[in-house]
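Here the structure comes first, spelled out in structure tokens, and everything after it is commentary.
Every number here is computed from the coordinates shown, using simple stated rules; none is lab data. Predicted model only: the values in this text are computed from it and were never measured. Neighbour counts are summed over all protein chains in view; Cβ atoms, including those assigned to glycine, are modelled from backbone coordinates with ideal geometry.
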Amino acid sequence: MIRLTIDNKEVVTEDGATILEAAARAGIRIPTLCYHEKLQPFGACRICVVEVEQMKGRLTPSCSTPATEGMVVRTSSEQIIKARKTVLELLLIQHPLDCPWCDKGGECQLQNLTYEYGVSRNRFKDKKSDHPVDYLSPLVERNTNRCVLCGMCVRVCDEVVGASEWSMVNRGISTKIATDFDRPLNCEFCGECENICPVGALTNRMFKFKARAWEVENVSTVCSFCSTGCAIKLSLKDGRIVRALGEEEGAANQGSLCIKGRFGYEYVMSGERISRPLVRKNGTLTPATWEEALQAVAEGLKAVKEQAGPGAVAGLCSARLTNEEAYLFQKLLRAVIGTNNVDNSGGYAHRGYSSGLSLPPLEFKDLQSCDRFLVIRSNVSETHPVVGYRVNVAVKQKGAQLIVADPRRIKLARFAQTYLAHKPGTEIALLNGLAHTILTEGLENREFVAARTEGIEELKKSLVQFTPSFVEQATGIAGKDLVEAARRFASGTRAAIIISAGMGFPGDDAALARCAANLALITGNAGKPGAGVLFLGEKSNSHGSVDMGAVPDLLPGPQELAKDPVRQAFAKAWGAAIAAEPGLTCEQIIAGAEQGSIKALYCAGENPLQAYPDTKKTKTAFGKLQFLVVQELFLTPTAQMAHVVLPAASFAEKDGTYTNAEGRVQRLHQALPPCGETKTDAEIFCRVAKALGKDLGSWNPAAVMAEIASLAPRYHAVSYATLTVKGHLLSDAADREAPGAEGAARFSLLPVDVIAPEAPSAEFPFTLLIGSTLFHCGTLSTRSSAICSVYPQARLEINPGDARALDIRDNDTVQVSSATGALTITAKIIARQSPGAVFIPYHFLSPAAQELASAAQLQTRVKIEKRTETSL
Amino acid sequence: MGTSLNTVVFDIGGGAANGEAIKAVQTGGPSGGCLPVSKFNLPVDFDALYDAGSMIGSGGMVVMDESTCMVDVAKYFLQFLQDESCGKCVPCRLGIDRMLEIITDITEGRGKPEHIPLLQDLADTVQQTSLCGLGKTAPNPVLSTLRYFPEEYDAHIHQKRCPAGVCKPLITYAVDAEQCKGCGLCLTACPHGAITGEKKQAHVIDPQLCNKCGICADECKTHAITVN
């Protein structure tokens, strides 16, 4: 620790802190223009200069000068103020002073400092800057006339986002920020540059001329897209959202956002929202009153239940329902209908998250203290960009080493020390191969293995076959690369393994999660911050919906349905018997509908016809349903088949909580009144229950959470009264300290057989990878015009070599067919795509990638043909 | 090291080649300062030159005679420094630009009395707050000439006159009728046709057409061309 004096105040700060940081900690404000805590010190604006007694004769920049023992600092004096004023005058000479119509007006740092220092006249004069304004870039407008060259956009884009789109070009008085050759932006469009810009040089085009900064009311809530759970602020004016900002206090994101969080909120206010209940009359969906609709739902469900029993009813919910709603939904099915047939899209992946992984989740902030990363089956920079930023910071700013294993040369591969391009679907062999090498070379953490784990001998036995040469054959990774990666991974002190789950990643998540957990445990990466396995669910509440028991075999907690005492506790609390038999999973529900054993389906926010594999099969299955009720924001393909459509409120129109991938429960606050006649999902579930003659209790989220807390031990401490903007990290002893708490953590035994993807056949020579793009999440983001302005349509990503062999050029129309279906799509030739595999994002209605996929198969094999004029 | 400037300039260097009086020495490269003859007793060492407002810097010296305008010298070095500024920090990027602009105004007759304290102030801030050595020393040409040659700034600002006859917008060329023999050399040499006159009669320069190139003065054998 270092002791110094700032403005006659004794300050104690940690080693390495700058004067500015030391002052901030002591509550002393030093003005800045180019400093941001997320970025490396830059020292360009010279506003933060201070006087240091030990450095007499000059002014010292506090942002880039480390505090030292005994330093005596003054943050304000006549000379300092004079210097700051002069710097401001210099900046204001060419600045256009178009504050009346600048969108940063009211929250502009230059404006605020000018006011603070009373720079009412300028002793210097010159022509105003007159560069052309860049109106061509999507989403971000660039007006370099207002730029103060603080370099924050350039630095955040490089150091945090890792896109390096901006640079300073030219030099001296001609310096400006630009892209290469000054072309319009073609980047990730996260808007971090626009957000960090202290002046109006980079502005949010969606916010342009919408409101003055002081007119808006900010409502703090949580982003509705991925499971990062970024805390956001929605700015409202005249009952409309005019922009979304990252919440600086947010524990998951520290103010950062990606394109989806910043620009994707528009779907909430879309004109295509369903605003009234619809009931199918004479074959067409016609507007109805809530009474009619609820009546129809009750009758439809009751009829099936009476005819075929409660087991013929099933429910699928979205992983975007709040915890309270997911809880009420499964309660509705279990306690009112009497079936465990409830699942959500996370169900495809939840087994890995809930049952495969014996380790507690990692905290995102701790990722920045990791020194090794293994990113496998996870394009984290695209699916969870803000978590990706943390990896960027650790690798680019703090020197952590990165191992990336992915068939596609994903963004993180650019920064990786080791990049392993394995064959699609061979992750388990690869992880086992790494563990095998570590154990045979004696690189494991013996002390940890002996003290905290059991089953090492069985593990060793099961790994015998995973020699480098075996793994090379299975995965296509050269043996020496595997050994190098294993050594690199084992040599770290804190290693994080990052894996993603979701619709884009078929496969056995539980096995994968167990392999990853083994690897973490043998290297001693458990029980310390930043070490372990980070399993990233796809949607905003993928993790919460499992916790809430919206899955067939778990009750809220999550607690195992199979255990009698658990079931009895819930039966007592709910006043209804709970079937001991686990319910059906998503796939089984669809198969059941096809075979006729499922007759009624309740889809709450779920859109299987667009998001689930094998669209044709799902459509046929749904066509056979006696009764389909869909609770939705939009008239999705699934809703179009429904007998009753119930209009639901969006995330911005309700209160509630989401649980993110690190196990943080965060609070949603209602920003808008519900659109039209829509109601929150919670209210609808309660009303449906009432129409069925049962009482689900209050739909007030706080009351529901109180009920959850009383029944789910993990949520015991969660209460609306104490939830702050930082949320509540689920971290009871049984959870976080699992490896130590019970004496020794158990090694789950490995599935020895490698799940080997079938070899490509002559008919279908390509492997189809279906996944998420950076710009979209699920199918909801396709309703946001801002996002669609940069990524409007699915494209087939194909390797240049493969394209050449098939005579395909960029933007050619191609036909892709699998055993399941066929579609036509525009081709995009891209070097990051590995040979022999093609990629299609699944978000879009047309062309819909899921038409090609089959739920039964691990890998989708396709053939690709160029569409010629005649074949069109 | 330690040798006096006098020794370097007059004994070792031999003074001005054309025999004119020496006015100043500029030491330390472009961001050094200009020292007048009255300071030539100073030894060439780090502290002495620094205290006097210049520096050893690159070790180079530029010795100037009375035909040099010190305001113009400051402008010349500022132009160089403006080119060299990388543009990262505000005071250097914009401060040098402003100092150059003000000095240019002074050398072109637009100088105002308030420019002197303004220059002084700005130079202080640039020196105090710039990020690297370039910005911290960039004001030296301005500060040292303001310190040792204030009368030259005064002449430019108050009398709109360049005593050394260097700053073109402030000077006029004329023919001294008494000295002029009417030989016509200047008339034929003038590229702008600004000189008229009959043979053997005193010639006249039309200030409207004169471009102040000085060719006439160079051509004249009788030193009849005057600069004011």
So how tilted is helix B:115-129 from the main axis of chain B? Cα-based, degrees 0 to 90, rounded to 10.
-> 30 degrees
Near A:Lys563, which lysines are there with a Cα under 17 Å away, not counting those fewer than 8 places off in the same chain?
-> A:Lys572
Dmax and Rg, reported as Rg then Dmax, of the range B:1-82 (C-alpha, Å) | 12.1, 35
GluC sites (Glu not before Pro) in the range B:123-228 lying in a DSSP loop, each with at most 10 other Cβ atoms within 10 Å of its Cβ, come to B:Glu178, B:Glu198
Can you pull the mean other chain C-beta count within 10 Å for peptide B:79-85?
-> 2
Sorted by chain and then number, the residues having a modelled amide H within less than 5 Å of the amide H of A:Arg664, at least 5 places away or on another chain, are A:Leu730
Extent along principal axes [Cα atoms of the range A:127-269; Å; largest to smallest] = 43, 31, 24
Please state the equivalent ellipsoid semi-axes for the range A:353-536: what are the square roots of 5 times the Cα gyration tensor eigenvalues, largest first, in whole Å?
-> 22, 19, 16
Karplus-derived HN-Hα couplings along the range B:208-213 (A = 6.51, B = -1.76, C = 1.60, θ = phi - 60°), whole Hz, x at Gly and Pro = 5, 8, 5, 9, 6, 7
Hey, if you drop one equal point scatterer on each alpha-carbon of the range B:172-227 and run the Debye formula without solvent, what base-10 log of I(q)/I(0) do you get at q = 0.16, 0.18, 0.25, 0.26 Å⁻¹?
-> -0.35, -0.45, -0.93, -1.02
Both in Å, the radius of gyration and Dmax of the C-alpha trace of the range A:8-65 are 11.1, 31
Say the cut-off is 26 Å between C-alpha atoms; which of A:Lys423/A:Lys863; A:Lys619/A:Lys654; A:Lys260/A:Lys396; A:Lys9/A:Lys233; A:Lys210/A:Lys233 go over it?
-> A:Lys619/A:Lys654; A:Lys9/A:Lys233
For the range A:250-328 and the range A:786-862, write down the distance between their C-alpha centroids in whole Å.
-> 30 Å
So what J values fall out for the range A:606-613 if you push phi through Karplus, 6.51 cos²θ - 1.76 cosθ + 1.60 with θ = phi - 60°, rounded to Hz, Gly and Pro as x?
-> 9, 10, x, 5, 10, 9, 8, x
For chain A, the longest principal axis of the Cα atoms and the Cα long axis of helix A:290-308 enclose an angle in degrees, to the nearest 10, of 40 degrees
Hits among aspartates and glutamates - C-alpha to C-alpha of A:Lys617 under 16 Å, sequence gap 8 or more where chains match = A:Glu587, A:Glu594, A:Glu851
The protein assembly as shown: projected area of the alpha-carbon convex hull, averaged over directions, in nm² | 56.3 nm²
Give, rounded to the nearest 20 debye, the magnitude of the charge dipole that chain B has about its Cα centre when Lys and Arg contribute +1 at Cβ and Asp and Glu contribute -1 at Cβ.
-> 400 debye
Here the Cα Rg-to-2.2 N^0.38 Å ratio for the range B:96-228 is 1.40
Given +1 on the Cβ of Lys and Arg, -1 on the Cβ of Asp and Glu, and no further charges, what dipole in debye does the protein assembly as shown carry about its Cα centre, rounded to the nearest 20?
-> 1340 debye
For the range B:69-164, just say rounded, prolate or oblate: build the C-alpha gyration tensor, square-root its eigenvalues into a ≥ b ≥ c, call rounded for a/c under 1.5, and beyond that prolate if a/b exceeds b/c, oblate if not.
-> prolate
DSSP-defined antiparallel bridges as percent of all bridges, the protein assembly as shown, nearest 5 = 60 percent
Report P(r) for the range A:219-359: all Cα-Cα distances, bin width 10 Å, range 0 to the bin holding the largest distance, values in whole percent.
-> 10, 24, 31, 24, 11, 1
Give me the Kirkwood hydrodynamic radius of the range A:562-683, using the inverse of the mean 1/r over all pairs of distinct Cα atoms, in Å to one decimal.
-> 16.8 Å
Evaluated at q = 0.13, 0.22 Å⁻¹: base-10 log I(q)/I(0), Debye formula over Cα of the range A:766-871 | -0.45, -1.22
Chymotrypsin sites (Phe, Trp or Tyr not before Pro), loop per DSSP, at most 15 other Cβ atoms within 10 Å - longest free stretch of chain A = A:210-872
Check each of the trypsin sites (Lys or Arg not before Pro) in the range A:797-863 and keep only those in coil by DSSP with at most 11 other C-beta atoms within 10 angstrom; list them in order.
-> A:Arg809
Directionally averaged projected area (convex hull, Cα atoms, chain B), nm² | 13.8 nm²
Find the lysine pairs in the range A:45-194 meeting two conditions, Cα atoms under 25 Å apart and a separation of 8 or more places or different chains, and report how many there are.
-> 17
Please determine, in degrees from 0 to 90 and to the nearest 10, the orientation of helix A:586-595 with respect to the longest principal axis defined by the Cα atoms of chain A, where the helix direction is its Cα long axis.
-> 30 degrees
Ratio of the Cα radius of gyration of the range A:1-160 to 2.2 N^0.38 Å, where N counts its residues = 1.15
Towards the positive end of the charge dipole of the protein assembly as shown, with charges on Cβ (+1 Lys, Arg; -1 Asp, Glu), say which of A:His95, A:Gly315, A:Ala495 has the farthest Cα.
-> A:Gly315
Restricting to the range A:582-672, compute how many DSSP beta bridges are antiparallel as a %, nearest 5.
-> 30 percent
Candidates per GluC sites (Glu not before Pro) in the range A:28-60, loop by DSSP, up to 14 other Cβ within 10 Å = A:Glu37
Per residue, how much space in cubic angstrom lies within the convex hull of the C-alpha atoms of the range A:532-592?
-> 121 Å³
Specify which residue in the list B:Gly2, B:Gly184, B:Thr137 is farthest towards the positive end of the charge dipole of chain B, using unit charges on the beta carbon of Lys, Arg (+1) and Asp, Glu (-1), about the Cα centre.
-> B:Gly184
If you take the charge dipole of the range A:127-269 about its Cα centre, with +1 on Lys and Arg Cβ and -1 on Asp and Glu Cβ, which of A:Thr175, A:Phe263, A:Cys150 is farthest toward its positive end?
-> A:Thr175
In nm, to one decimal, how far is the A:Asn170 label point from the A:Lys866 one, both placed 7 Å along Cα→Cβ?
-> 4.5 nm
